[in-house]
1. Of all residues in the range B:50-72, which are at the interface with chain A (Cβ under 7 Å from one of its Cβ atoms) and under 16 Å from B:A29 (Cα atoms)?
2. Give the range A:91-105 a look and list any residue that's surrounded by fewer than 17 Cβ atoms within 10 Å (Cβ to Cβ) and either under 21 Å from the mean Cα position of the chain (by Cα) or more than 8 Å from every other protein chain (Cβ to nearest Cβ) (or both), or say none.
3. Residue by residue through the range B:14-49, note down the ones that are out of contact with any Cys (no Cβ under 7 Å at 6 or more places or on another chain) and under 19 Å from A:F8 (Cβ atoms).
4. I'd like to check something: does the range B:2-21 contain any residue that is within 27 Å of A:N27 (Cβ to Cβ), polar (S, T, N, Q) and assigned to a helix (DSSP H, G or I)?
5. Step by step: first the residues of the range A:53-70, then only those that are surrounded by fewer than 21 Cβ atoms within 10 Å (Cβ to Cβ) and part of a helix (DSSP H, G or I), then the one that is modelled with the highest pLDDT. Which residue is that?
6. Could you go through the range B:110-119 and let me know if any residue there is farther than 27 Å from A:G85 by Cα, assigned to a loop (DSSP other than H, G, I, E, B), more than 7 Å from chain A (Cβ to nearest Cβ) and modelled with pLDDT of 85 or more.
7. With (1) closer than 13 Å to A:E36 by Cβ; (2) modelled with pLDDT under 95 as the list, and B:C49 as the residue in question, which single condition is left unmet?
8. Please specify each residue of the range B:75-91 satisfying the condition of being at pLDDT below 85 and over 17 Å from B:A182 (Cβ atoms).
Amino acid sequence: MLEPKIVFALAAVLFSVGLYGVLSRGNLVLLLMSLELMLNAANVALVGVARYWAGMGGAADDFSRAHSGQFFTLMVMAVAAAEVGVGLAIIVAVFRRKHTSAADLATELKH
Amino acid sequence: MLLAEANTPVTDWIYTLVFMAVFVTTLMAGLWVVIARDVIRAGVSLFICLSGVAGIYFFLNAQFLAVVQIMVYVGGTTVLILFGVMLTNRAPVLTSRRATDRTLAGWLATVIVAAPLFVILVGRDLMEKKDVKTANGWFTMKEAAAQAPINTVALGDALLTSYILPFEIASLVLLVALVGSAYLARRREDESGIEGRLS
């Protein structure tokens, strides 16, 4: 049977890797990819918690406990889909204007 | 899980083997997303990583979420990102530029965030001087969790009864995001973009 700590370790590694990617990559598309990695790490942790929380005692409450984690994951997926759509539209708009997808070069709002 | 319920040594062994394969694939693909210098390669390894996460969902008894993961992430998001790569990289060599100071800052922040996570995960077992293989929750559970009452029918019921409001709000968010992204990415008349010059 699958054990909880392995799942959480996977989530932790994926989250750290994604964080490193967000902070160190210069390309906007690569940045978005690393962001997806972080969101997925959080999802893995949520589903893992839902799986192991559900089996622990208390008969009446089992239903909502088992599903709250999975429901959270569904919501995160919906928001992530929206985020990718808007993010890519922004990246395409930036590329149209500046002919580059380097994150360092979009500096109009800096002073 | 059918295999887990069968509970013979052979099926247990196959179960563990398949899980380790999915686990390692997910991990390596996730690492490669950040390591790869080529944007397309990073996109493809993201594809593999997200598929692996779907496999993990199957193992976690979340079959519906696994299918949703494959449809939304693997089928939608990855394709969208690859479209983005193709739309925004006109140079023949699709490499990303990397600044050294940014890499250093990335390492620093990652260590600051990751270290507590792993201290929490591993630290307590180490402090109690337990071997990882016998420690609770890594490879064995002292109290085996009962089979969770998770199935797709119950999840659907929950979505349309207790969680109906967030469900509807999510659909609204998706609609707004759709309209917004179409508005953002539209071609403007006054813009001298590459598309304008080509046509």
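The values are calculated or read from the model by the stated rules, or taken from the named source; none is laboratory data. Because the structure is a prediction, the values reported are computed rather than measured. Please note: Cβ atoms are built from the backbone with ideal geometry, for glycine as well, and neighbour counts cover all protein chains shown.
1. Matches in the range B:50-72: B:L50, B:V53, B:I56.
2. Listed by number, the residues that qualify are A:K98, A:L105.
3. B:T16, B:F19, B:M20, B:V22, B:F23, B:V24, B:T25, B:L27, B:M28, B:L31, B:C49
4. No: the range B:2-21 contains no residue that is within 27 Å of A:N27 (Cβ to Cβ), polar (S, T, N, Q) and assigned to a helix (DSSP H, G or I).
5. Taking the candidates together, the pick is A:S68.
6. Within the range B:110-119 (the criterion being farther than 27 Å from A:G85 by Cα, assigned to a loop (DSSP other than H, G, I, E, B), more than 7 Å from chain A (Cβ to nearest Cβ) and modelled with pLDDT of 85 or more), the answer is no, since none of the residues qualifies.
7. (2)
8. B:T88, B:N89, B:R90, B:A91
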